[in-house]
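The values are calculated or read from the model by the stated rules, or taken from the named source; none is laboratory data. Please read all numbers here as calculations on a predicted model, not as lab measurements. Positions of Cβ are backbone-derived with ideal geometry, glycine not excepted, and every protein chain shown enters the neighbour counts.
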Amino acid sequence: MLRLQESTNRWEILYRRFLERSFNILIPLGAILAAFVISSALIVARGANPLSAYAALFAGAFGSSNALANTVTRMVPIIMTGLAVTYGYRSGFFNIGAEGQLFMGAMATTWMGITLTGWPAWLLIPASLLAGALAGSLWALIPGYLKAKRGFNEVLTTLLLNYITIQLFEFLIRVDHAVGLGHPFLAWIGLKDPTQPFPKSAYITEAARMPSLTSLLTWLGGTAEDPAFQRFTLAAVVAVLAAVVIYILLFKTTTGYRARAVGVNPRAAQYMGINVVRTTITTALISGALAGMAGSLEIMGFQHRVIQNFLVGAGYDGIPVALIGQLNPLGVLLSALFFGALRAGANRMQIVSGAPVSIIYVIQSLAILFAIAGTVIDLRPRRLKQAEIEEAKRLEAELALQSSPATGTDILGEEARHV
Amino acid sequence: MESLLRLEKICKTFPGVVANDHVDLEILPGEIHALLGENGAGKTTLMNCVYGVYRPDSGTIYWKGRPVEIHQARDAIALGIGMVHQHFMLVPPLTVAENIILGLPSPREPLLDLKSASRQIRELAQSYGLPIEPDVPVWQLPVGVQQRVEILKALYRQAELLILDEPTAVLTPGEVEELFKVLRAFKEKGLSIIFISHKLEEVMTISDRITVMRAGKVVDTLPASRTNPRELARMMVGREVFLHIEKPPCTPGEVVLELENVRAQSDRDLPALKGISLQVRAGEIVGIAGVDGNGQTELAEVIAGLRRVTEGRIRVLGKDITNCMPKDIIDLGVAFVPPDRQHMGLLLDFTVSENLIGKSFDRPPFSRYGFLQRRFIENFCDGAIRSCDIRTPHAQVPVKLLSGGNQQKVVLARELSLQPKLLVASQPTRGLDVGATEYIRRQMVEARSAGTAILLISTELDEVLSLSDRIAVIYEGEIMGIMSAAEADLQEIGLLMAGSRAHVATGTPQTA
């Protein structure tokens, strides 16, 4: 009994491949479209015109260089946290702790920028970014180690670490920062600007900031009048590069193969000779580094200092960004664009059309809901579906015929029973 | 005496398999009736038909002389049939009492009445001699006591017939004794018990009558007092026609695998291997015969480095691999076809191609400097798909969409592509159709001719008999005897498999 018709027809193969691949893009696009359509009913209920509201939203996100800068600014951190969640999720490490890792990264980067003020830009920029990545990955190492070695549920540990991080952050931005040796350790790691009464850090040194389009144009000998150009920084380029690197890492390298294998089935991965403990820890480190860099890029590219609530929620936003991006690093770029544009355009939408800002959260939530629901829809040819049904029946028969519990066959079932 | 339960011409087929073929069975009130048969004989399927898990395709079920329709477990319970599955259906965090009343209406709806339930359970347990503490969470109980909870669950629902599916498989010898005492007490009180098992000695000890099943059919039903283990073994194993395999004579070379007094624990932390010593030489197939669950899984896993050895040594080509990492063992040339391709042998969500490189992806030329070499991998996979006749439209199809036979071909293709010195094949043809079975067996014989040492672990006796050069019988984690295939006596093997040491095998275990 053949599950799949063998086919030598090249075109049919190509058609199937197209269907299999494009399907991943069609789901989120359809979900977003459906979210907009349904949300328009709410806008109508508010007495506003949905078309003009969406037009204003679009204009607010892409209509001017200023609008575009807003969108890009909002995209960068959620690209990074989306990648952190994607890489973790694909590898069986459900990192809910991107929020905390992001704050750790932001703190480390800020510390570099207010402490190593004498360093040149060519050294300080990569060093600050690296510090953020390291801080994030060390923070993720705790749940990674606990999961790999002790079987702790990483969802709980990463989530709980977030609260610890936020408190640590709240504490450190209230401790006066002192540069140089000879100070108490606490003053050394404190982040607060001693010249100010408020809980925030000093601005990081000029050399630690990401170069912007303005500085590029100036360096080329031109002039840039548009102030928005200052907000197009290297941070955005780094984020896009990170997505490409993670895509290659995940799908084209042995590291990614190991990670995905452990993510799909740790027992089979172990059987294939993959060191599950080491792979899980590596995954946590990579995921944490990405989330940490989200904080670094926000500081180095846009805010240039930490203040209270400087970027709350970007870590958690990584989860829906990753899900709508179909857990694909390149999909994360597109889904971050959607999230970024919604937030950037929301104010303009409210001012121009009267549709409230909160509509964008409705759109966002509906899109997530539909994207998840959409994965159940099956557009593949009927023959393929039939094959899966037959397979399910056959499996049932096979299971029915096995009559002893002590076989390897039921290892998973048994573990589940003991949990 | 009027029968309590009578089955008439029950048939049940699954796609491609006849699980029950016109089965007749009669259970009398107050008897312990054993259902004996090898794995896959159809015992559990038959009982699932009685319990309403499956609907029989045809045939009639009579309860106390009346024909009844059992559509779901609820109907069976209403009639007075209780079943204790092999895998307990308990909710671990709930207490014993909560588990027992689960699904029953409470006398104080919508509130629970745990207090009176606890009392009733305690009384019930007392009256049957099954001491139990109703307020303890189930996860804290040892397996034997959990089984007791399952039995009480059935009794609480006023079962008159209790079906126990391989109840002793999970128990320690002491717990088995306890269980038997309880079953005898049930019998005194007029309950009937169906006892599913494949262990001869047990069946002889506990049952009044024994029904032997083979390949979905009832061979015979006879009183325990008028039969003996030897006869039962013969009926159970039968005289099947073996698939004929062309096999050149065996020319064993150096010792490739050597196990020395190996001990290991099962997942439940009970002794699973109790001092196994065994040798496999280059160019020979050593078959491990035995009923499922006697340590076969653990044996394969200790060799592959997937389970800790508590005592003893394992050597491959003279090198000690005891408790080494799986990776190191693979690199020494040990291939392993695991018994469970769905959960262990394959990454179901991965493509055919990704599965084919599962053990070699990190060595050149499959990858260089950590990057997978797509062109080489594609060529390699196309070659493997062609040479192993794996039926798939292309290499990028998720392997879960392939048929079982083709999935197993992927596993075997991957393992043999490593050009192993030793191949451990555990249940290599389980659940496969005839064509795929034959292909897999032929491949193994070819590997043997090429000088690979093969350890074949199978619960299908005919597979072991037709492929092996030497046969070892395993029972409860011990090797009962090793014999050359030429001298193997079917009845002898049947007896050893069932744990009867009446005759110690007089084979010629080859030593180095």
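Quick one: is B:R263 in contact (Cβ under 8 Å) with a residue 40 or more places away in the chain, among the charged types (D, E, K, R) and within 14 Å of chain A (Cβ to nearest Cβ)?
On the way: in contact (Cβ under 8 Å) with a residue 40 or more places away in the chain: yes; among the charged types (D, E, K, R): yes; within 14 Å of chain A (Cβ to nearest Cβ): no.
Taking the combined requirement at face value, the residue does not satisfy it.
Take the residues in segment A:259-280 that are more than 8 Å from chain B (Cβ to nearest Cβ) and surrounded by 19 or more Cβ atoms within 10 Å (Cβ to Cβ); name whichever of them is nearest to B:M325 (Cα to Cα).
The extreme case among them is A:T279.
Take the residues in segment B:362-421 that are among the β-branched types (V, I, T) and in contact with a strand residue (DSSP E or B) (Cβ under 7 Å, 6 or more places away or on another chain); name whichever of them is nearest to B:R448 (Cα to Cα). Give the steps one after another, and end with the answer.
The first filter runs over segment B:362-421 and keeps only residues among the β-branched types (V, I, T), leaving B:377, B:385, B:390, B:392, B:397, B:399, B:410-411.
Add one more test, that the residue is in contact with a strand residue (DSSP E or B) (Cβ under 7 Å, 6 or more places away or on another chain), and what stays is B:397, B:399, B:411.
Values: B:V397: 31, B:V399: 27, B:V411: 17 Å.
Applying the filter and picking the extreme gives B:V411.
Just for helices (runs of 4 or more DSSP H) wholly inside segment A:102-203: which have at least 1 residues that are in contact with a strand residue (DSSP E or B) (Cβ under 9 Å, 6 or more places away or on another chain)?
On the way: elements: A:121-150, A:154-172, A:185-189.
Result: A:154-172, A:185-189.
A quick yes/no check of all residues on (1) outside any strand (DSSP E or B); (2) within 12 Å of chain A (Cβ to nearest Cβ); (3) in contact (Cβ under 8 Å) with a residue 60 or more places away in the chain:
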residue: B:G253; (1), (2), (3): yes, no, yes
residue: B:R268; (1), (2), (3): yes, yes, yes
residue: B:L278; (1), (2), (3): no, no, yes
residue: B:E298; (1), (2), (3): yes, yes, yes
residue: B:V302; (1), (2), (3): yes, no, no
residue: B:R308; (1), (2), (3): yes, no, no
residue: B:D328; (1), (2), (3): yes, yes, no
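Collect the residues in segment B:70-94 that are farther than 23 Å from B:Q147 by Cα and either in contact with a helix residue (DSSP H, G or I) (Cβ under 7 Å, 6 or more places away or on another chain) or not assigned by TED's automatic domain parsing to the domain that holds B:K12 (or both), keeping them in residue-number order. Working first, answer last.
Taking segment B:70-94 and keeping what is farther than 23 Å from B:Q147 by Cα, we get B:70-71.
Residue satisfying the conditions is B:I70 alone.
Within segment A:85-116, how many residues turn out to be surrounded by fewer than 24 Cβ atoms within 10 Å (Cβ to Cβ), among the aliphatic types (A, V, I, L, M) and more than 18 Å from A:G190 (Cα to Cα)?
So the count comes out to 1.
For segment B:330-354, which residues satisfy the criterion of being in contact with a helix residue (DSSP H, G or I) (Cβ under 7 Å, 6 or more places away or on another chain), at the interface with another protein chain (Cβ under 10 Å from one of its Cβ atoms) and part of a helix (DSSP H, G or I)?
Listed by number, the residues that qualify are B:R341, B:H343, B:M344, B:G345.
Return the pairs, sorted by first residue and then second, in which the second residue is of a type in the set (S, T, Y) and part of a loop (DSSP other than H, G, I, E, B), the first residue lies in segment B:34-59 and is away from chain A (no Cβ under 13 Å), the beta carbons are less than 7 Å apart, and the residues are 6+ apart or on different chains.
Partner pairs satisfying both residue conditions: B:A34/B:S207.
What is the residue count in segment B:355-383 for residues that are within 11 Å of chain A (Cβ to nearest Cβ), hydrophobic (A, V, I, L, M, F, W, C) and touching a Lys or Arg at 6+ places or on another chain (Cβ under 9 Å)?
The qualifying residues number 4.
How many residues does segment A:204-231 contain that are touching a residue at least 60 places away in the same chain (Cβ under 8 Å), part of a loop (DSSP other than H, G, I, E, B) and more than 16 Å from A:T109 (Cβ to Cβ)?
The number of residues fulfilling the criteria is 1.
Among what's in segment B:422-433 and is out of contact with any strand residue (DSSP E or B) (no Cβ under 7 Å at 6 or more places or on another chain) and either in contact (Cβ under 8 Å) with a residue 40 or more places away in the chain or more than 14 Å from every other protein chain (Cβ to nearest Cβ) (or both), pick the residue that is nearest to B:V316 (Cα to Cα).
Within segment B:422-433, the first condition is being out of contact with any strand residue (DSSP E or B) (no Cβ under 7 Å at 6 or more places or on another chain), and the residues that meet it are B:429-433.
Narrowing the set further to residues that are either in contact (Cβ under 8 Å) with a residue 40 or more places away in the chain or more than 14 Å from every other protein chain (Cβ to nearest Cβ) (or both) leaves B:430, B:433.
Working: B:R430: 27, B:D433: 33 Å.
Ranking the qualifying residues of segment B:422-433, first place goes to B:R430.
Looking at segment B:415-468, which of the residues that are part of a strand (DSSP E or B) and not hydrophobic (A, V, I, L, M, F, W, C) is surrounded by the most Cβ atoms within 10 Å (Cβ to Cβ)? Steps first, please.
Pass one, segment B:415-468, residues part of a strand (DSSP E or B): B:422-426, B:453-458.
The next check asks that each one be not hydrophobic (A, V, I, L, M, F, W, C); those that pass are B:426, B:458.
Numbers: B:S426: 27, B:S458: 24.
It comes out as B:S426.
Output yes when any residue across segment B:162-180 is in contact (Cβ under 8 Å) with a residue 60 or more places away in the chain and in a helix (DSSP H, G or I), and no when none is. Outline the logic, then answer.
Of the residues in segment B:162-180, the ones in contact (Cβ under 8 Å) with a residue 60 or more places away in the chain are B:162-167, B:169-170, B:172.
Among the residues that remain, those that are also in a helix (DSSP H, G or I) are: none.
Checking segment B:162-180: not a single residue is in contact (Cβ under 8 Å) with a residue 60 or more places away in the chain and in a helix (DSSP H, G or I).
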